[in-house]
1. Please count how many residues of the stretch B:376-404 are part of a loop (DSSP other than H, G, I, E, B) and more than 8 Å from every other protein chain (Cβ to nearest Cβ).
2. Take the residues in the stretch A:296-351 that are part of a loop (DSSP other than H, G, I, E, B) and charged (D, E, K, R), then tell me which one is farthest from A:F5 (Cα to Cα).
3. Taking the stretch A:8-50 as the search range and keeping residues that are among the hydroxyl-bearing types (S, T, Y) and in contact with a Lys or Arg (Cβ under 6 Å, 6 or more places away or on another chain), which one is surrounded by the most Cβ atoms within 10 Å (Cβ to Cβ)?
4. Restricting attention to the stretch A:182-219, report how many residues are assigned to a loop (DSSP other than H, G, I, E, B), more than 27 Å from A:A354 (Cβ to Cβ) and within 12 Å of chain B (Cβ to nearest Cβ).
5. With respect to B:G289, determine if the residue is assigned to a helix (DSSP H, G or I) and crowded, with 24+ Cβ neighbours inside 10 Å.
6. Being crowded, with 20+ Cβ neighbours inside 10 Å and either on the phi > 0 side of the Ramachandran plot or in contact with a helix residue (DSSP H, G or I) (Cβ under 6 Å, 6 or more places away or on another chain) (or both) is the filter here, so list the residues in the stretch A:435-448 that pass it.
7. Could you grab me the full set of residues in the stretch B:178-197 that are within 14 Å of chain A (Cβ to nearest Cβ) and either in a strand (DSSP E or B) or not acidic (D, E) (or both)?
8. Given the condition farther than 12 Å from B:E245 by Cβ, facing chain A (nearest Cβ under 10 Å), surrounded by fewer than 20 Cβ atoms within 10 Å (Cβ to Cβ) and in contact (Cβ under 8 Å) with a residue 60 or more places away in the chain, answer yes or no: does some residue in the stretch B:413-422 qualify?
Amino acid sequence: MLKKFERLVDLAIKEGFDKAEVFATAQSAFSVSVYEGEIEDYRVEKSAGIALRGLYGGQMGYASTEVDDENEFADLVRRAKENAQVLESKDEQFLYDGRERLSWVSSSNPALETVPPERKIALAMEMERACKALDSRVARVAVSEVGTTSQSRVLVNSEGLFRTFEENIAYAVVEPVLAVDGGQVDGTAFLFTRDFDALNAQALAREAIEDAKRYIGAAPIPSGAMPVVMNQRAMQSLLATFVGVFSAEAAQRGLSLLAGKEGETIAAPIVTLTDDPADGLGLAGRPFDGEGVPTRRKNVVERGVLRTLLYTLKTAKKAGKETTGNASRPSYHSTVGTSPTNFYLEPGTLAPEALYAQAGNGVRIDAIMGMHAGCNQISGDFSLAAKGMRIENGVLTEPVEQITVSGNFFKLLMGIAAVGDDLWFGFPGSCAVGAPSVLVDGLSIAGK
Amino acid sequence: MIARGDAELILTCALRTGGDFAEIFYEDLDSGDIALMDRRIESANRTHTRGAGIRVFKGTSTVYAYTNDLTLEGMLKTAEEAAAALGSAREGGEPVRLFTAVPRNIHRIERFAGDVQSKRRADVLRLCDAAARSLSEEITQVSAGLMDEMQHVLIANSDGLYITDTRVRTRLRITAVAASGTENQTGTQAPGAQAGYEFIEGLDIEALAKAAGRTAITMLHAKPCPAGVMPVVIENGFGGVIFHEACGHALEATSVGKGNSVFCGKLGQKIAADCVTAVDDGTIANAWGSLNIDDEGHPAQRKVLIEDGVLKSYMIDRLGSRRMGLPMTGSGRRQDYTFAPTSRMTNTFICPGKDDNEEMIRTMGDGLYAAKMGGGSVNPVTGEFNFAVNEGYLVRDGRIQEPVRGATLIGKGADVLFKIDRVGTELLTAQGMCGSLSGSVPTDVGQPRIRVKSMTVGGR
């Protein structure tokens, strides 16, 4: 297979590319969902793709295919060349020639590959049963799913680069629906892990039922500006949505208000944002980035000061800096972008209860919705549907729904008054983002 | 492609463990994107996607397996894997026989945009850039892109269907950024169609780019929207996203079939105000969300969802049809072969009413005029929806006043449909990408100008 990719690189060079690179991914996945004690949905997935990119006349042309056939290679080279010819970028483009030995090449847990489908089915069945056993109001379990995914990637280029990486993940997700007062409420729990034994049906069911029950009888609260505790999940969602503002590419294009702010204070002094590519924290660790550059740990924001944006070879050169190893290429058909790895707000030492006490009277936001439309990356403004819990005299009282929370991400960073100790990571995609609960002043709530 | 004889063997294999229905979805997609930023063509990419998925039903249990190994051997192996999930192989199943069907082509395509010289496509993007920047020095960045795709599909199933279709889509997107040094605001236009390059040639590119630019500039000078509960007038076009989120998703069999929708069991009942009639129509020639056949091979349909406030139809895919005991409605869609299909919208809109556009503002008192919408989302279980207002104006005493930014509208679908008290006469649709269980699919939203008596408006 590697020989085949090398032949594609050679073909591109022969056809006039100055430098060329092949990036290939292969993924397989399995998932099973159950409903009312039967298998509802069973999936077996397998796909692979090959991308070629190369420098032609100083421009980087891309093309990719899922057709694994050497007859397709000539087409791929032609398309990449056509694409390069239309480009007018003034940015200097690079293919990485690093030959460093990497300390690890796999986040794959071999044990995960041998978990039989029957165990996954049994786990999904048990989650559904456990939900029903926990609360008689469970009308149905809308989702009870268990799955595994694995991916391998290969990066080879004409400059001597050769990198491979593989990873796998198991997950379980459960969503019970409770019938209450003539209506319905739903709850969710999920876990991503590389250790199948860590998926505990009873614990997930309990968490999901608690999540649903918490909001029974929820109502809006009066509108106004008030102290807000963003719980770890809500803060995680918000940070994940705005993670693109730390990209040097966005800054260089005038699409991030952090342009020119390196070395300046952009957040409260208790705020440290770390990007850690090691495996384990958020399950999006990787030894090398989308350009093959070794990744490294760094503080992006340290005690409120923006230490660095996230750079690739191209954007670093443009800024006269070194790349931070944050080139991203989530799939074979993606062009090189910018992304952190495991990116998180460093937890503090306060229990969430201490944040409620400090808030006095206000609201805890537990979930925010509609991020793709209600958040503006470029302005930092957000206005989002939310639910949560009312905070009165320093303790949680009633559930709250049908409210919105509005503010500006950059102002929120400056306005963080306290940081909790409950760091939580979300879904590991091209990056994994984590956050603890935070207390913020001055967000606006619209309710009744 | 998969030859008919091979498809027969694959489907027969997929059914050998007792499945009662099997389907092959084959896809060959050529997609391209060329994009401008910083006044220059900064990226151009082409991707060739080719794969197939095999689905097997046994009652309402479903198995889906996909691969891009399309050799007969690879497909048979995938079919075996799918079948194995339903039990062990049995003797004596009838071999599947297929009959070639030809879909009726509703969408005339003149020229695939991917075949148009890159330079010509690049010129369109440069025109976007120049037009938006010509408005004001405040426009500091323009990004524009031109997307094209040609998707060939083959759907074969154990009912004997063997049908192919080609879908060609073209879309332009323009985002203008206005900046004041400390603040940025954006405006976007993104027209698209199930059509070729002729769609781009028929657009008034300059007007679109300027419209995007004007929204960005207006919003740069806008104050934050005040929060509260108030009457809201929502403009036509992308305003229809309110119906899409507040009601559309909850009428999909995905939600209704398992009881996860506030509109379960409500056929024939009033679920909206009398002035609301809404349609999902996949048959509109060259419309962005249209189809000839859905991704299960069923012809596209026009369905009245709500008529004078009464629920008339759900949107039902094959699995939903089994669960609900109702006929399929040409609503089975998927992003690509890596997703099993499910019930989805096509072009969904509130039909023209009888109300006067000016009157509904004049008589609303104090409230919000939502001129341009962003996207939204919904939880069909509770009906809670939200969506963003990209360009809004305060209304005081029945007059449109200063622009406001950052407004979000929230509510519950079952409530908001009854609170619509005006529906204008001028229907306009707009293009979006809708995300759900079977991935991201192109859909049109639309409505005339409407008024909602009271809504929660998020702002500060």
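1. 4
2. Residues of the stretch A:296-351 part of a loop (DSSP other than H, G, I, E, B): A:296-297, A:303-304, A:307-309, A:311-312, A:320-326, A:329-336, A:339-341, A:346-349, A:351.
Now restrict to residues that are charged (D, E, K, R): A:296-297, A:303, A:307, A:321-322, A:329, A:346.
Working: A:R296: 28, A:R297: 31, A:R303: 45, A:R307: 39, A:K321: 32, A:E322: 29, A:R329: 18, A:E346: 41 Å.
Taking the candidates together, the pick is A:R303.
3. Checked the stretch A:8-50; the qualifying residue surrounded by the most Cβ atoms within 10 Å (Cβ to Cβ) is A:T25.
4. 1
5. Answer is no for this residue.
6. Matches in the stretch A:435-448: A:A435, A:P436, A:S437, A:V438, A:L439, A:V440.
7. Within the stretch B:178-197, B:A178, B:A179, B:S180, B:G181, B:T182, B:N184, B:Q185, B:T186, B:G187, B:T188, B:A190 meet the criteria.
8. yes
The values are calculated or read from the model by the stated rules, or taken from the named source; none is laboratory data. As the structure is a prediction and not an experimental result, all values here were calculated from the model. In this analysis, Cβ positions are derived from the backbone assuming ideal geometry, glycine residues included, and neighbour counts consider all displayed protein chains.
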